[in-house]
1. Within the stretch 209-229, take every residue that is in a loop (DSSP other than H, G, I, E, B) and of a type outside the set (S, T, N, Q) and give me the one that is farthest from residue 133 (Cα to Cα).
2. Right, residue 209: touching an Asp or Glu at 6+ places or on another chain (Cβ under 9 Å) and at pLDDT below 85 or not?
3. When you check residue 128 against the structure, is it touching a residue at least 40 places away in the same chain (Cβ under 8 Å), within 17 Å of the chain's Cα centre (by Cα), crowded, with 16+ Cβ neighbours inside 10 Å and over 20 Å from residue 277 (Cβ atoms), yes or no?
4. Can you pull out every residue in the stretch 57-73 that is surrounded by 14 or more Cβ atoms within 10 Å (Cβ to Cβ) and aliphatic (A, V, I, L, M)?
5. Just to confirm my filter: which helices (runs of 4 or more DSSP H) fall fully inside the stretch 11-128 and include at least 1 residues that are of a type in the set (A, V, I, L, M), at pLDDT 90 or above and under 30 Å from residue 159 (Cα atoms)?
6. Among the residues of the stretch 258-301, write down those that are in a loop (DSSP other than H, G, I, E, B) and either surrounded by fewer than 17 Cβ atoms within 10 Å (Cβ to Cβ) or in contact with a Cys (Cβ under 9 Å, 6 or more places away or on another chain) (or both).
7. Search the stretch 101-123 for residues that are closer than 13 Å to residue 258 by Cα and pair each with any residue that is among the acidic types (Asp, Glu) when their beta-carbon atoms are under 7 Å apart and the residues are at least 6 apart or on different chains.
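The values are calculated or read from the model by the stated rules, or taken from the named source; none is laboratory data. Fair warning: this is a prediction, and the values are worked out from it, not measured in the lab. Virtual Cβ from ideal backbone geometry, glycine too; neighbours counted across all protein chains shown.
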Amino acid sequence: MTTSELTATKPEERQSVALTPEAMRLALASRSQWQLELQRLFHHRLAMVGLWGILLLVAAALLAPWLAPYPFDAQHLDSIRAAPSRQFLFGTDSLGRDLFSRVLYGARMALLVGVVVVAIETVVGVLLGMMAGYFRGYIDLAISMVSDMVWAFPPLVLVLGVVAAVGPGLLHAAVALALTSWAPFTRVTRAKVLALRERDFVQASLATGSGHGRILWRHILPNLVPTNLVLVMLTLPSALLTASALSFLGFGIQPPGADWGAMLNEGRPYLQDAPWIATFPGLAILLTVVCFNLFGDGVRDAFDPRQKG
């Protein structure tokens, strides 16, 4: 078919020409790598199990005021350490508070701390890693030295020192945890930027006079998303566990707030007489970490460069 004949055809005929099997095959073959990776992720069964668990957790946190049968701090003095029953699904604690309601509200605290911690870690770590890998020289040396010093200490030890200095509290614990755990993001980002800086599209941008800020924002940062997305999903469980450990030690959210780690500590003296006080918050922490780990492993497998193509 000549160009003039194709131009003279009706719109319906042009549409049928454009939708030939060959054209469809080429359209499918030209899908972006993001689409292929997302398709691989959605076909990862364990990752989908983890994703559904995370969605249920988010729904429970958002709908806690409507799902909880009682206020999280309401005391039932006639039902101290009551066993699980139809009235109290998870039983009550040593102050007569409904554990089911407190576990639901505790999901809010867990997600809030996890999101805040990982967001700060990502922003700080990625920015420092981009500067170190792109500018190199003394900037790279200084950032790498600080990163190595932070990474040399266990995060929980550093967090305990910071929180002990500024005082306990949910916000203090989250910020302290984030500011002592950004080193992995910096190292991963730095290594990726060092490789990207030598790529032809970056060198061409430098040759045409593009500014460093434009190159970092338009060319390098988009290529860092898959790698750091995997790191975010794998870091969230450890952030949740560390935040729960801080609350268990009394440095997290203060009474009467509902937090899974603090609830574990409250139930510790009653493990023999009323084990449900510590069992249900412990199960909530366990299931949440497992779901995030399953989804994080699926994201890692989907975005693994060795599986592309």
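1. Of all residues in the stretch 209-229, those in a loop (DSSP other than H, G, I, E, B) come to 209-211.
Of the ones still in play, those that are also of a type outside the set (S, T, N, Q) are 209, 211.
Working: 209: 20, 211: 16 Å.
Here the residue is 209.
2. On the way: touching an Asp or Glu at 6+ places or on another chain (Cβ under 9 Å): no; at pLDDT below 85: yes.
No; evaluated as a whole, the condition is false for this residue.
3. Numbers: touching a residue at least 40 places away in the same chain (Cβ under 8 Å): yes; within 17 Å of the chain's Cα centre (by Cα): no; crowded, with 16+ Cβ neighbours inside 10 Å: yes; over 20 Å from residue 277 (Cβ atoms): yes.
Here the answer is no, as residue 128 does not meet what is asked.
4. Passing the criteria: 57, 60, 61, 64, 67, 68.
5. Working: elements: 11-18, 21-29, 33-42, 45-62, 64-67.
Result: 45-62, 64-67.
6. 271, 272, 273, 275
7. Listed by first residue and then by second, the contacts come to 106/259; 109/259.
Residue-by-condition table, conditions (1) of a type in the set (A, V, I, L, M); (2) in contact with a helix residue (DSSP H, G or I) (Cβ under 7 Å, 6 or more places away or on another chain); (3) within 30 Å of residue 89 (Cβ to Cβ):
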| residue | (1), (2), (3) |
| --- | --- |
| 210 | no, no, no |
| 229 | yes, yes, no |
| 243 | yes, yes, yes |
| 263 | yes, yes, yes |
| 272 | no, no, yes |
